[in-house]
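Visitor: I have a structure I would like to understand better, so I am pasting it below and will then ask my questions one at a time.
The values are calculated or read from the model by the stated rules, or taken from the named source; none is laboratory data. Being a predicted model, the structure only gives us computed values, none of them experimental. We place every Cβ from the backbone using ideal geometry, glycine too, and count neighbours over all the protein chains shown.
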Amino acid sequence: MKLQVTQENLNRALGSVARVANSRNTLPILANVLVKTSSNRLSLSATNLDIAITHYIGAKVSTEGSITVPARLMQDFVNSLPSSVINLELEETKLRVTTDQYRSVVNGIVADDFPVMPAITGGKAWTVNGALLKKGLQQVVFAASSDETRPVLTGVLFHTIDNKLVIAATDSYRLAEKSLGTNKEAIRLLIPASSLHDLLRILGDGGDDVSVTHDEQQVLFRVGDVELVTRLVDGNYPDYQKLIPSGFTSEATLKRSDFVNVTKVSSLFARESAGSVTIEVDEDSGSLSIRSVASQLGENTATAEAKVTGSGSITLNSRYLLDALNALSGDTVSFGFNGKLEPTLLRDPASDDYRHVIMPLKG
Amino acid sequence: MQKDSLWQAVLGEIELSVSRGNFLTWFKSTQLLSHDDTTVTVGVPNVFIKQQLERKYNDLISVTLAKNGLNPITIEYKISPLSTTTRAPQFDEPIFVTTTNQEPAGSGAVRASTNNSFSHSYRQGINERYTFDNFIVGAGNELAFAACQSIAQLPGNKYNPLFLYGGVGIGKTHLIQAVGNAISKQNPAAKVLYISTEQFVQEFVDALRFRKTADFASYYRTADVLIVDDIQFIAGKEKMQEEFFHTFNALHQGNRQIIISSDKPPKEIATLEERLRSRFAWGMSIDMQNPDFETRCAIVQTKAQEHDMVLPTDVVEYLATNVQTNIRELEGALNQLLAFCEMRALEPSLEIVSSLLGVSKTRPKHLSAKQIIERTARHFQIPMEEIMGPKRDKDIVVPRQIAMYMLRSELHLSFPKIARELGRKDHTTAIHSVEKIEKESREDAGLRHTLSEIKERLYA
């Protein structure tokens, strides 16, 4: 193998794949990144057996070949090189990396020992707008559970309702759901939230379409020159939709920034009580106030102006409330609830795309 | 051949021909789902492993199957949920749980899992020999005993967590196991887990190794009563402490009873994470003291009765007087006596017991006066010269008096000798000191505790 590649390209590719390589695995080669030529391109791949990422970059290839090299070392090394052309040359299992100023030899492991990179043959293919997907994932993925004892909830559900692609995640205390626009293909996939964190890193700010291919066991996201394949979570996702409330006995609409501020202040006094704050909405005075009590420190009541229909009060975890408010994007937010133990709903009154449900705390 | 044993044989051969890392990664969690003349179906945990086996190891598997008498035309690989470890309950469970202080953390869902695949083959469990009935209550442990009894009646409601601490061999393990036994007896369906910290750590390490942490977590988080012995061994194991912290929280929030024993109070366990420390101190911490003389007598008598022997009062008193350090040693001395008498067909008497224990009772050979003084000084964190020196400050005088008392009680030195050891001329000082400490230790629990701590260090 012999080729030339620019430092920028190589650095970018290592940046997107190296994080997946993991030295804590039982298989030492999983800490390596696979470097492989294919016609006039160079591919870099890494996998942790849950997810695999491959990044293709342009290169001037003189001789074809492949090798695996330690991911961390390679990334740190290339990252500290000046911007120039890098020569890569393979001698048996040693990869010679040279620039005008630097000469180094990296000991590798033969590429044959590297796991087979997953391939999807057949399956369904569809596309989704990259910017929309990125925004949606940012609004939803954090609500997934990290509790491995309920594996289904560690996934994010991608499914279609009335020809619209909808993603949803819940950890059984809160639920976030986002609609990502029309999608012709009817799908139902449960993708590990951890893999979606990696996908988020890869998704740039560009609005390019992301093409997706999936079969029953795995799904492939292709973002520009990067391919990410992840396993799917096995199991039946609960029918969450019946839990999203539609009518409310009390509802308040107010500026999102106001709501964030009063929540932040109240949460200071709620540390002792696991973040529990009581929200009271009053129709007559047109206000929403949040009360929190810390028996040792004192207590706090913060009030914001709001348009209210139906007075009432409810107790929530302030951290969940803040997460939800930060995930919402409009200027105004409406907050509706029913009984003391019924699910509450936060949404942007101007748009129906994003809904966030939080279960109340027993006061 | 059975499917499982056939596959074990195949895996055994494969293990020899690939590297350990490869074996653990690709083959360890596979299983044989079915086989007939034409097709063999292998269950694999996920798609990555499936593709690896299909494309890289198909030949190896095919050859190895042939050696074991199977010549299928095709080998199929199927992702089989049963071979994954993460098969938690997924149906008929509510997604939403109301978060409260009463019943949260998805505990309802987790508790539904009964098919636990986590292996606990080396679990010792609770020893049925330990019950409340054969626990002898005395001044040093009556509080602990009362707390344990009330827990046994209503687990999870009062004193949660219960933290028992005290020196070795004074009945902590007996008492916490008695709680477990009593709860199991009242409610045979209750899931009572007893585990020593060392075992807990071992299982956790295994779980990490075989990637079964989810099983490990759910196993412990579904307990109704979790009893952990010798928690001090968790000190310094950070990842372990984190795991225990989560287990603790899940159980405590679900109102499951947690009982912990240790040789030190939580605040004295070095390198224990702050959040665990505060949690341990949350419920009730009880200090178990060494048994007093009457209790020791009662213990000797009860134990002798268990062996169908009745000991004369003077023998009982002799044992109780001369073995003070802990109950385990007391029991040992008694067993020694009983065995001796049984073998020689003698009746236990004062002569026999004193001749038997006489050697061990008089001054322990390995202990010198200097060691005792040094140990006492170190306990109070003052230099040895100060104790030996002329100063009469209170914080030096008291340790000095304690040192004298220890020399008398442990080494049975004469008063003039004690005075000389501490660089005093007058032996009346020694008499006064020993008497003073003797008297005060009868009234002052703090002092008693100090004395027993120094003693424990000496004999440790």
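Visitor: Which of the numbered conditions does B:ILE234 fail, given that it passes all the others? Conditions: (1) in contact (Cβ under 8 Å) with a residue 60 or more places away in the chain; (2) buried (at least 20 other Cβ atoms within 10 Å of the Cβ).
Guide: Of the numbered conditions (1) in contact (Cβ under 8 Å) with a residue 60 or more places away in the chain; (2) buried (at least 20 other Cβ atoms within 10 Å of the Cβ), the odd one out for B:ILE234 is (1).
Visitor: Of the residues that sit in segment A:39-56 and are away from chain B (no Cβ under 14 Å) and out of contact with any Ser or Thr (no Cβ under 8 Å at 6 or more places or on another chain), which one is surrounded by the fewest Cβ atoms within 10 Å (Cβ to Cβ)?
Guide: Taking the candidates together, the pick is A:SER39.
Visitor: Take segment A:320-363 and flag every residue that is within 17 Å of A:LEU132 (Cα to Cα) and hydroxyl-bearing (Ser, Thr, Tyr).
Guide: The answer is A:SER329, A:SER351, A:TYR354.
Visitor: Please work out which one of (1) in contact with a strand residue (DSSP E or B) (Cβ under 8 Å, 6 or more places away or on another chain); (2) within 19 Å of A:ILE244 (Cα to Cα) is the condition A:ASP162 fails and give its number.
Guide: (1)
Visitor: A further question on this structure: Can you give me the ranges of the strands (runs of 3 or more DSSP E) entirely in segment A:1-119 with at least 1 residues that are free of Cβ contacts under 8 Å to residues at least 24 places away in the same chain and within 21 Å of A:SER195 (Cβ to Cβ)?
Guide: The qualifying strands (runs of 3 or more DSSP E) are A:41-47.
Visitor: Any residue that is free of Cβ contacts under 8 Å to residues at least 60 places away in the same chain and buried (at least 17 other Cβ atoms within 10 Å of the Cβ) - is there at least one of those in segment A:237-251?
Guide: no
Visitor: Among the residues of segment A:130-144, is there at least one that is over 30 Å from A:LEU88 (Cα atoms), within 14 Å of chain B (Cβ to nearest Cβ) and free of Cβ contacts under 8 Å to residues at least 60 places away in the same chain?
Guide: Looking for residues that are over 30 Å from A:LEU88 (Cα atoms), within 14 Å of chain B (Cβ to nearest Cβ) and free of Cβ contacts under 8 Å to residues at least 60 places away in the same chain, one finds at least one in segment A:130-144, hence yes.
Visitor: Can I ask one more? Are any of the residues in segment B:238-256 surrounded by fewer than 19 Cβ atoms within 10 Å (Cβ to Cβ), closer than 30 Å to B:SER29 by Cα, among the charged types (D, E, K, R) and more than 14 Å from every other protein chain (Cβ to nearest Cβ)?
Guide: The answer is yes; a qualifying residue exists.
Visitor: Still on this structure: Looking at segment B:37-73, which of its residues are among the acidic types (Asp, Glu) and without any contact (Cβ under 8 Å) to a residue 24 or more places away in the chain?
Guide: Hits for segment B:37-73 are B:GLU54, B:ASP59.
Visitor: Quick one: which of A:VAL78, A:VAL69, A:VAL97 is more than 14 Å from chain B (Cβ to nearest Cβ), surrounded by 19 or more Cβ atoms within 10 Å (Cβ to Cβ), closer than 29 Å to B:ILE49 by Cβ and modelled with pLDDT of 90 or more?
Guide: Within the list A:VAL78, A:VAL69, A:VAL97, the selection yields A:VAL69.
Visitor: Go through (1) within 21 Å of A:TYR320 (Cβ to Cβ); (2) in contact with a helix residue (DSSP H, G or I) (Cβ under 8 Å, 6 or more places away or on another chain); (3) not hydroxyl-bearing (Ser, Thr, Tyr) one by one and return the number of the condition A:LYS135 breaks.
Guide: (2)
Visitor: Let me ask something additional. I need the full set of residues from segment B:424-460 which are surrounded by 13 or more Cβ atoms within 10 Å (Cβ to Cβ), over 29 Å from the mean Cα position of the chain (by Cα) and not hydroxyl-bearing (Ser, Thr, Tyr), in order please.
Guide: B:ARG424, B:HIS427, B:ALA430, B:ILE431, B:HIS432, B:VAL434, B:GLU435, B:LYS436, B:ILE437, B:GLU440, B:ASP444
Visitor: Would you confirm whether or not segment A:197-204 contains a residue that is away from chain B (no Cβ under 11 Å), closer than 20 Å to A:ALA324 by Cβ, buried (at least 21 other Cβ atoms within 10 Å of the Cβ) and not hydroxyl-bearing (Ser, Thr, Tyr)?
Guide: So far as segment A:197-204 goes, no, none of its residues is away from chain B (no Cβ under 11 Å), closer than 20 Å to A:ALA324 by Cβ, buried (at least 21 other Cβ atoms within 10 Å of the Cβ) and not hydroxyl-bearing (Ser, Thr, Tyr).
Visitor: Within segment A:146-175, how many residues are within 15 Å of A:ARG319 (Cα to Cα) and within 13 Å of the chain's Cα centre (by Cα)?
Guide: Total satisfying the criteria: 0.
Visitor: Suppose we keep only residues that are touching a residue at least 60 places away in the same chain (Cβ under 8 Å) and away from every other protein chain (no Cβ under 14 Å) within segment B:207-226. Which one would you say is surrounded by the most Cβ atoms within 10 Å (Cβ to Cβ)?
Guide: Here the answer is B:VAL225.
Visitor: Would you kindly identify the strands (runs of 3 or more DSSP E) lying entirely within segment B:223-320 that contain at least 2 residues that are at pLDDT below 80 and under 19 Å from B:THR197 (Cα atoms)?
Guide: Counting at least 2 such residues, we get no strands (runs of 3 or more DSSP E) at all.
Visitor: Continuing with this model, one more query. Can you confirm whether segment B:2-12 contains a residue that is away from chain A (no Cβ under 14 Å), over 28 Å from B:ALA207 (Cβ atoms) and touching a strand residue (DSSP E or B) at 6+ places or on another chain (Cβ under 7 Å)?
Guide: No.
Visitor: Return the residues of segment A:190-211 that are aliphatic (A, V, I, L, M) and within 25 Å of A:SER146 (Cα to Cα); say none if nothing qualifies.
Guide: Matches in segment A:190-211: A:LEU190, A:ILE191, A:ALA193, A:LEU196, A:LEU199, A:LEU200, A:ILE202, A:LEU203.
Visitor: To continue, here is another question. Being part of a helix (DSSP H, G or I) and either over 21 Å from the mean Cα position of the chain (by Cα) or in contact (Cβ under 8 Å) with a residue 40 or more places away in the chain (or both) is the filter here, so list the residues in segment B:149-161 that pass it.
Guide: Correct list: B:SER150, B:ILE151, B:GLN153.
Visitor: Name the pairs whose Cβ atoms lie under 8 Å apart, with the first residue in segment B:181-206 and in the same structural domain as B:GLN149 (by TED's automatic domain parsing) and in contact (Cβ under 8 Å) with a residue 40 or more places away in the chain, the second outside any loop (DSSP other than H, G, I, E, B) and of a type in the set (Ser, Thr, Tyr), and 6 or more positions between them or separate chains?
Guide: Between residues of segment B:181-206 that are in the same structural domain as B:GLN149 (by TED's automatic domain parsing) and in contact (Cβ under 8 Å) with a residue 40 or more places away in the chain and residues that are outside any loop (DSSP other than H, G, I, E, B) and of a type in the set (Ser, Thr, Tyr), the close pairs are B:VAL192/B:SER184.
Visitor: Right, next: If you go through segment A:205-238, how many residues are within 14 Å of another protein chain (Cβ to nearest Cβ) and under 17 Å from A:HIS55 (Cβ atoms)?
Guide: 4
A quick yes/no check of all residues on (1) in contact with a Pro (Cβ under 7 Å, 6 or more places away or on another chain); (2) without any contact (Cβ under 8 Å) to a residue 24 or more places away in the chain; (3) in the same structural domain as B:SER349 (by TED's automatic domain parsing):
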position	(1), (2), (3)
B:ALA270	no, no, no
B:GLU274	no, yes, no
B:SER278	no, yes, no
B:ALA281	yes, no, no
B:GLN301	no, yes, yes
B:ALA304	no, no, yes
B:ASP308	no, yes, yes
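Visitor: Given (1) among the small types (Gly, Ala, Ser); (2) surrounded by fewer than 17 Cβ atoms within 10 Å (Cβ to Cβ); (3) out of contact with any helix residue (DSSP H, G or I) (no Cβ under 6 Å at 6 or more places or on another chain), identify the lone condition not met by B:SER409.
Guide: (2)
Visitor: Is it the case, given these coordinates, that B:ALA419 is of a type in the set (Gly, Ala, Ser) and more than 23 Å from B:VAL323 (Cα to Cα)?
Guide: yes
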